[in-house]
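Working notes, structure below.
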Amino acid sequence: MDNALYVGLSRQLVLRREMDIIANNIANLDTNGFKVESLKQKTDPASPARTFGGPKPVKFVSADGVNRDFSQGVLVKTGATLDLAIEGQGFFQVQGTNGARFTRDGRFTTDPTGKLVSQGGLPVLDDSGGEIIIDTEKGQVSIGQDGSMSQGNERIGKVGMFTFANAGVLEKAGDNLYRNTSNLTPEKAEAANLRQGHLESSNVKPIIEISRMVEVSRAYETTSKMIDSGADLSRRAIERLGRVQ
C-alpha cells in the first residue's frame, strides 16, 4: 500500500501545478497578447518500496514542462495611433536589460525623448534591431501593414516583426515577454501583417479553462479518497496483526 500512497501523492503534486497554470490563464484573460498554457505530464518509473507480486517498476506521475498555445487572439480595435497588433505568426522585439525580448503585446507609447517603448518602458526595435524615434512635431504617425512608419511624406522606420522556426524555444521572461533560449536566430515575419489602432486580446477561452479547473479539482478529490482508503486499509491490517500476536 505504500506504493499506492506515493503514486497518489505524486499525482496530487502534478494536479496542484496544473491548477496553478489554469488559474494563471484565467487571471490573464484580459492581458493583451497572452497565450494560454497547459501542463505536460509523464510517467516516471521508479523502483517500488516493496512489492508482493505487484508491477515493476512503479510508475509515478511528474510534470514534463508547459505547453503554450501561440494561436492568435481576437484583434480589438482601439483607434490609438501606437496600439499595434500582429495578424499572423510573429512577435514584436524589444530591448530588455539582459538582451532582446519578444512579445505580442502591442500597447506602445513614446518616452520623453520620442523613443517608441513598450508598457514596461523597453525600446521597441525596428526590423534591423535599432530603436525607433518619433518626432511628435512632425505630425500623425502612419503605420502600414508591413510595419513601415511614416510622418507625412517622411519614412521614419519600420516596426520589426519576427518569428521562429520553432516557437518552443521561447520561454516566459515576465511582464508578458519571452526570451529566446536557443541559438536560433529570429527571422523576419514576412507573412504577418501589422494592424495599427488594434490590440490582440488573450487567446484564453474562459469556459474551457473553468471546465479544466473542475476536472482537476475532481481528480484531486478522487486521489485524496484513494490515499485515505489506502491509509485506512494499512491501519486496519496493522491492528489485526497486533491482535494475532
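The values are calculated or read from the model by the stated rules, or taken from the named source; none is laboratory data. As the structure is a computational prediction, the values presented were derived from the model and not from experiment. Glycine gets a Cβ as well: all are built from the backbone with ideal geometry, and neighbour counts include every protein chain shown.
Only a single item in (1) surrounded by 18 or more Cβ atoms within 10 Å (Cβ to Cβ); (2) closer than 18 Å to Lys172 by Cα is not met by Leu116, and it is number (2). Set side by side, the residues Thr185, Thr163 differ, and just one is of a type in the set (Ser, Thr, Tyr) and more than 10 Å from Phe102 (Cα to Cα), which is Thr185. The residue that is modelled with the lowest pLDDT, among those in segment 45-68 that are loosely packed, with under 12 Cβ neighbours inside 10 Å and charged (D, E, K, R), is Arg50.
Counting just the residues of segment 138-173 that are farther than 17 Å from Gln89 by Cβ and out of contact with any strand residue (DSSP E or B) (no Cβ under 9 Å at 6 or more places or on another chain), which one comes out surrounded by the most Cβ atoms within 10 Å (Cβ to Cβ)? First the steps, then the outcome.
Going through segment 138-173, the residues farther than 17 Å from Gln89 by Cβ turn out to be 138-144, 148-158, 171-173.
Applying the additional criterion that residues be out of contact with any strand residue (DSSP E or B) (no Cβ under 9 Å at 6 or more places or on another chain) yields 153-154.
Details: Asn153: 5, Glu154: 10.
Per the stated criteria, the residue is Glu154.
Residues checked against (1) over 22 Å from Met19 (Cα atoms); (2) of a type in the set (Val, Ile, Thr); (3) modelled with pLDDT under 95:
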{"position": "Gly160", "(1), (2), (3)": "yes, no, no"}
{"position": "Lys172", "(1), (2), (3)": "no, no, yes"}
{"position": "Arg195", "(1), (2), (3)": "yes, no, no"}
{"position": "Leu199", "(1), (2), (3)": "yes, no, no"}
{"position": "Glu209", "(1), (2), (3)": "no, no, no"}
{"position": "Lys225", "(1), (2), (3)": "no, no, yes"}
{"position": "Asp228", "(1), (2), (3)": "no, no, yes"}
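Only a single criterion out of (1) under 21 Å from the mean Cα position of the chain (by Cα); (2) not in a loop (DSSP other than H, G, I, E, B) is not satisfied by Gly120, namely (2).
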